[in-house]
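Presented below is the structure to which this report refers.
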Amino acid sequence: MTGTGVPLLPRVVRTLPFDWGAWPAEQSGELVALARAVLEAGLPDRRLDVAEPPVEVDESWLPDGDLPPDWVDIRAVLLSAERSLPAVTVGQLAAVEAECARRGLDTTDFEEVWTRRITAWVVEHAMVWCGLMVDDVDTLAPWFPPLAGLYVRRRMAVDAAVGALIATCELPGSRAVLAGLAADAGLPGETRERITDALG
């Protein structure tokens with residue numbers, strides 16, 4: 001395989017047996033195991049300098065009164081291409097970078113930033129599936145609550161992780177992780193407030 005054909009994302013992330021944004025509306029032991037593998041593979045190894053924005057862009061992530069940041073336009077270029085995002089290769093991402101540079105967009109650390117960002121998009125949908133589609137939440141114990149908590153603290157898929165923890169708060173592990181996050185002064189106030197309200 002040539003250098004340009006090298007895939008960028010972990011194998012379990014890039015080889016999902018369904019579209020990365022459309023997890024099945026069902027539960028099975030195999031799907032729970034797959035979600036766990038995706039979440040373990042996608043976790044950043046450190047706290048990110050800046051929190052990853054969610055897959056769906058909304059006004060809360062845009063500056064007041066200014067033009068949208070360059071990453072919003074880069075996201076549009078990336079999504080406009082006919083390709084499987086999780087299977088993106090070095091060469092494909094380089095082509096997107098070249099197009100973004102041609103448009104005058106900020107391409108600093110492009111491969112690192114957008115490899116992480118695409119991973120975050122896949123992870124976010126896996127996290128939402130764990131929170132909303134897994135009826136037998138006991139299958140998420142004991143691995144899910146601490147892993148979701150790490151995502152919050154490392155600033156990737158934060159809203160999805162908090163939502164999934166709240167949705168599974170009948171698990172003692174989820175309640176314990178949420179209580180710890182609510183008391184973490186290093187987290188944004190709105191995140192802590194959301195958790196505190198959910199815990200009652």
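Read the figures in this text as sums done on the coordinates, not as results from a lab. Just so it is clear, the structure is predicted and the values come from calculations on it, not from any experiment. Note that we place each Cβ from the backbone using ideal geometry, even for glycine, and neighbour counts take in every protein chain shown.
Could you calculate the contour length gain from Asp135 to Glu56, that is, 0.36 nm times the residue separation minus the distance between their Cα atoms, to one decimal place in nm? All intermediate terms of the calculation are to be shown ahead of the outcome.
Values: separation 79, 0.36 × 79 = 28.44 nm, distance 2.51 nm.
Extra length available between Asp135 and Glu56 comes to 25.9 nm.
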Give the peptides 112-125, 150-163, 33-46 in descending order of average Cβ contacts within 10 Å, highest first.
150-163, 112-125, 33-46
Output the peptides 21-27, 172-178 sorted from most to least packed, where packing is the average of other Cβ atoms within 10 Å over each peptide's residues.
172-178, 21-27
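Assign one of three labels to region 1-50, namely rounded, prolate or oblate, based on the Cα gyration tensor with a ≥ b ≥ c the square roots of its eigenvalues; rounded applies when a/c is under 1.5, prolate when it is not and a/b is larger than b/c, and oblate otherwise.
Details: a/c = 2.33, a/b = 1.31, b/c = 1.78.
It comes out oblate by the Cα gyration axes.
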Could you check which residue among Leu140, Leu67, Leu48 shows the biggest mean-square fluctuation in a GNM of the chain with a 10 Å Cα cutoff?
Leu67
Answer rounded, prolate or oblate for region 76-135, using the Cα gyration tensor with square roots of eigenvalues a ≥ b ≥ c: rounded when a/c is under 1.5, else prolate when a/b is larger than b/c, else oblate.
prolate
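How much of the calculated P(r) for region 96-166 lies past 19 Å, in percent of all Cα pairs? Write out the running numbers ahead of the final one.
On the way: 1107 of 2485 pairs.
I get 45 percent for the Cα pairs in region 96-166 exceeding 19 Å.
So what's the net charge close to Glu26: Lys and Arg +1, Asp and Glu -1, counting the other residues with Cβ under 14 Å from its Cβ?
Details: positive: none; negative: Glu30, Asp135, Asp136.
Around Glu26, the surrounding residues sum to -3.
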